[in-house]
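Here the structure comes first, spelled out in structure tokens, and everything after it is commentary.
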Amino acid sequence: MITKVAIQGIKGAFHEEAAVKYYKNKKIEIVPCVTFSELTEAVENGKADTGIMAVENTIAGSILPNYSLIENSDLRITGEIYIRIVQNLIGNTENINNIKEVYSHPMALYQCGSFFKNHPGIRLIESFDTAISAKHIADSGEKNTAAVASSFAAKRYNLKIIAKNIEDNKLNYTRFFELKRKPDKKPEKINKASVCFTLSNKKGSLASILSVLAYYEINLHKIQSHPIIGKPWKYSFYADLVFDSKKKYKQAKKAVIPLTTNFKVLGEYKESNKSLTKLHKTIKNKIS
């Protein structure tokens with residue numbers, strides 16, 4: 001059985017790499033989407049069985065609009081994966097001396113600032129996406145232009161890697177959610193939940209919630225505030241909760257709900273086996 005997976009971007013994007021790694025034991029068909037909104041719509045209307053969406057990066061931070069998309073959809077978070085973002089200079093030649101122009105997403109170019117300082121003769125040109133840049137270079141066949149993209153994109157478009165690992169920060173990771181239409185059954189093996197809620201104007205309301213979570217031994221991995229559109233100076237909160245006991249999690253959730261308004265569970269799922277902490281240790285060992 002083939003699983004249709006919606007991603008933001010075209011084939012060769014980091015989203016496709018995340019999807020391939022997440023579904024490594026399954027046959028998948030990629031459903032490219034131009035925007036994140038289109039991605040959620042593709043899953044909601046059945047064009048795709050599931051979606052892989054970036055929600056957080058260790059350098060750029062949270063992609064808050066994507067949390068809002070999930071909150072306002074009928075989708076549920078059913079899993080997560082972290083991948084390391086490795087940038088490479090790729091093109092139709094292996095000789096960097098031939099390269100006059102390099103195309104890529106502005107963030108990718110920014111992440112490789114030190115590399116390009118050592119090659120001042122190369123003109124940097126911003127584009128919409130790393131994978132689109134790679135495809136453009138492949139389609140053109142030109143040997144004096146290149147792209148900054150992943151080795152995954154290089155393989156996808158049959159391009160040569162001119163320079164490997166040219167990003168400044170080697171500890172650059174992106175977290176992706178798996179999104180599905182509301183499942184009929186909740187997964188049995190869960191130890192993580194993503195929730196959102198708003199608070200009353202009462203003093204100490206957030207502190208009360210944190211106290212409840214601590215009492216039930218719930219680890220707060222993340223909490224992020226987000227302005228509520230149309231309600232100046234009002235905020236909603238997105239939080240990731242990690243727990244060892246499903247029973248204590250349910251008790252904590254029951255105790256927290258009366259302290260909040262508009263409490264919503266975005267998803268209950270199993271924490272990624274390759275947590276960010278483990279990935280950091282692996283990369284640090286390689287670097288050292």
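No value in this document is a laboratory result; all are computed from the given coordinates. Small disclaimer: the values here were computed from a predicted structure and weren't measured. So basically every Cβ, Gly included, is an ideal-geometry build from the backbone, and we count neighbours across all protein chains shown.
Farthest toward the positive end of the dipole of the chain, out of Pro32, Gly91, Trp233, is the Cα of Trp233, where the dipole comes from beta carbon charges about the Cα centre. The charge dipole of segment 171-234, taken about the Cα centre with unit charges on the Cβ atoms of Lys, Arg (+1) and Asp, Glu (-1), comes to about 240 debye, rounded to the nearest 20. Placing dummy labels 7 Å off each Cα toward the beta-carbon, the span from Ala255 to Arg123 is 6.4 nm.
Return one quarter of the surface area of the convex hull spanned by the alpha-carbon atoms of the chain, equal to its mean projected area, in nm².
Values: hull surface 70.3 nm².
In nm², the orientation-averaged hull projection of the chain is 17.6.
Restricting the trypsin sites (Lys or Arg not before Pro) of segment 58-116 to loop positions (DSSP other than H, G, I, E, B) with no more than 15 neighbouring Cβ atoms within 10 Å leaves Lys100. Placing a pseudo-label 7 Å from each Cα along the Cα-to-Cβ vector at Ser211 and Asp168 gives an inter-label distance of 4.4 nm. Using only the alpha-carbon atoms, how far is helix 130-140 inclined from the longest principal axis of the chain? Give it as 0 to 90 degrees, nearest 10. Between helix and principal axis, roughly 30 degrees. Among the trypsin sites (Lys or Arg not before Pro) found in segment 216-252, those both in a DSSP coil and sparsely packed, with 13 or fewer other Cβ atoms within 10 Å of their Cβ, are Lys234. Label sites at Ser62 and Lys24, each approximated as a point 7 angstrom past Cα along Cα to Cβ, lie 2.9 nm apart. Farthest toward the positive end of the dipole of segment 139-181, out of Leu159, Ala146, Thr174, is the Cα of Thr174, where the dipole comes from beta carbon charges about the Cα centre. Between the listed residues Gly121, Leu109, Leu210, the Cα displaced farthest toward the positive end of the dipole of the chain, a dipole computed from Cβ unit charges relative to the Cα centre, is found at Leu210.
The charge dipole of segment 192-269, taken about the Cα centre with unit charges on the Cβ atoms of Lys, Arg (+1) and Asp, Glu (-1), comes to about 220 debye, rounded to the nearest 20.
Dipole of the chain, Cα-centred, from +1 at each Lys and Arg C-beta and -1 at each Asp and Glu C-beta, to the nearest 20 debye?
Numbers: 45 positive and 27 negative charges, 226 e Å.
The dipole of the chain has a size of about 1080 debye.
FRET efficiency for the Tyr110 to Ser37 pair, using the beta carbon distance and R₀ = 30 Å, is estimated at 0.75. Put in order of Cβ neighbour count within 10 Å, fewest first, the listed residues Ser104, Ser200 become Ser200, Ser104.
Put in order of Cβ neighbour count within 10 Å, fewest first, the listed residues Val195, Val86, Val43, Val265 become Val265, Val86, Val195, Val43. Axis angle, to the nearest 10 degrees, between helix 205-215 and the longest C-alpha principal axis of the chain: 90 degrees. In a DSSP loop and with at most 15 other Cβ atoms within 10 Å, the GluC sites (Glu not before Pro) in segment 148-228 are Glu188, Glu217.
The 3J(HN,Hα) values that the Karplus relation (6.51, -1.76, 1.60; θ = phi - 60°) gives for segment 155-170 are, in residue order, 5, 4, 10, 6, 9, 8, 8, 7, 8, 8, 6, 8, 5, 5, 9, 7 Hz. Gly and Pro appear as x. Across the chain, the relative contact order, built from alpha-carbon pairs under 8 Å that are at least six residues apart, equals 22 percent.
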